[in-house]
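Heads up, the thing below is written out as structure tokens.
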Amino acid sequence: AVAALRRLAPRDRFTVVVYDDPIDVVVASTTASSGGREDGARAIQGIEARGSTDLCGGWLRGCEQVGRVLAPDIVNRVLLLTDGLANQGIVDQAEILRHAAELRRRGIVTTTIGVGHDFDEHLLGGIADEGGGHFYYVQHGDQIPEYIEREVGEALEVTLRDARLHVGPADEAKV
């Protein structure tokens, strides 16, 4: 996550939310100025494992932070890094997937990164599908930076959004 922060340009924004029983906004939505990136890196390095998993609550709090600065010309993406065991707060998968679809409709894309051997692949894959993002499975901790950087890099390289290509026959062709 720290390496991904360092790839952000000063015009970019980021937020960091941790969740278990309580949900904490570690870094509120802020610009990726050099000071913002350094404060974010220190905050990330101070995160420690805690208790249960209010997956939906933590994810929605992150989406809320992203939603504060929605604009049609920027990439609004949430990276949900989790063991995928929603055992606190909203745990109904159908309800969680409805949230993902609604957030996508509002312009917030969700990518999920499942960590550990017992995460709920069905739930995280569904959130990514409904949320318009990608789903990654982390077998080894050293894969996490690669996946996060891949997502951040992809978000930084978006040049067209909701592009559509219509192909049809020329006037003189018959189908």
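Below are the figures for this structure:
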| item | result |
| --- | --- |
| Boolean, Gly89 is among the small types (Gly, Ala, Ser), part of a loop (DSSP other than H, G, I, E, B), more than 17 Å from the chain's Cα centre (by Cα) and surrounded by 15 or more Cβ atoms within 10 Å (Cβ to Cβ) | yes |
| Residues being touching a Phe, Trp or Tyr at 6+ places or on another chain (Cβ under 9 Å) and open to solvent by less than 20 Å² (accessible area, probe 1.4 Å) - total across region 99-125 | 8 |
| Ala94 vs. criteria surrounded by fewer than 11 Cβ atoms within 10 Å (Cβ to Cβ) and modelled with pLDDT of 90 or more | yes |
| Filtered residue count, region 1-23, keeping only those that are open to solvent by 40 Å² or more (accessible area, probe 1.4 Å) and of a type in the set (Phe, Trp, Tyr) | 1 |
| Yes/no for Gly84 being at pLDDT below 90 and crowded, with 18+ Cβ neighbours inside 10 Å | yes |
| Single residue of Val26, Val78 found to be surrounded by fewer than 19 Cβ atoms within 10 Å (Cβ to Cβ) and either within 17 Å of the chain's Cα centre (by Cα) or not aromatic (Phe, Trp, Tyr) (or both) | Val26 |
| Test: residue in region 30-37 that is open to solvent by less than 70 Å² (accessible area, probe 1.4 Å) and within 29 Å of Glu121 (Cα to Cα) | no |
| Pairs where the first residue, in region 89-109, is touching a residue at least 24 places away in the same chain (Cβ under 8 Å) and the second is charged (D, E, K, R) and crowded, with 17+ Cβ neighbours inside 10 Å, C-beta under 6 Å, 6+ apart | Gly89/Asp54; Leu97/Glu130; Ala100/Glu130; Ala101/Glu130; Val109/Arg77 |
| Residue within region 41-50 that is open to solvent by 50 Å² or more (accessible area, probe 1.4 Å), β-branched (Val, Ile, Thr) and either free of Cβ contacts under 8 Å to residues at least 40 places away in the same chain or over 20 Å from Ile127 (Cα atoms) (or both) present | yes |
| Residues of region 67-83 satisfying the condition of being within 17 Å of Ala4 (Cα to Cα) and of a type in the set (A, V, I, L, M, F, W, C) | Val75, Val78, Leu79, Leu80, Leu81 |
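Residues checked against (1) out of contact with any helix residue (DSSP H, G or I) (no Cβ under 9 Å at 6 or more places or on another chain); (2) in a helix (DSSP H, G or I):
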residue	(1), (2)
Val25	no, no
Ala28	no, no
Gly35	yes, yes
Asp39	yes, yes
Arg50	yes, no
Trp59	no, yes
Gly62	yes, yes
Gln65	yes, yes
Leu70	yes, no
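The values are calculated or read from the model by the stated rules, or taken from the named source; none is laboratory data. Please read all numbers here as calculations on a predicted model, not as lab measurements. Neighbour counts run over all protein chains shown; Cβ positions are idealised from the backbone, glycine included. These area figures cover heavy atoms from the full protein model, side chains too; ligands, DNA and RNA do not enter into them. Shrake-Rupley method; radii C 1.70, N 1.55, O 1.52, S 1.80 Å.
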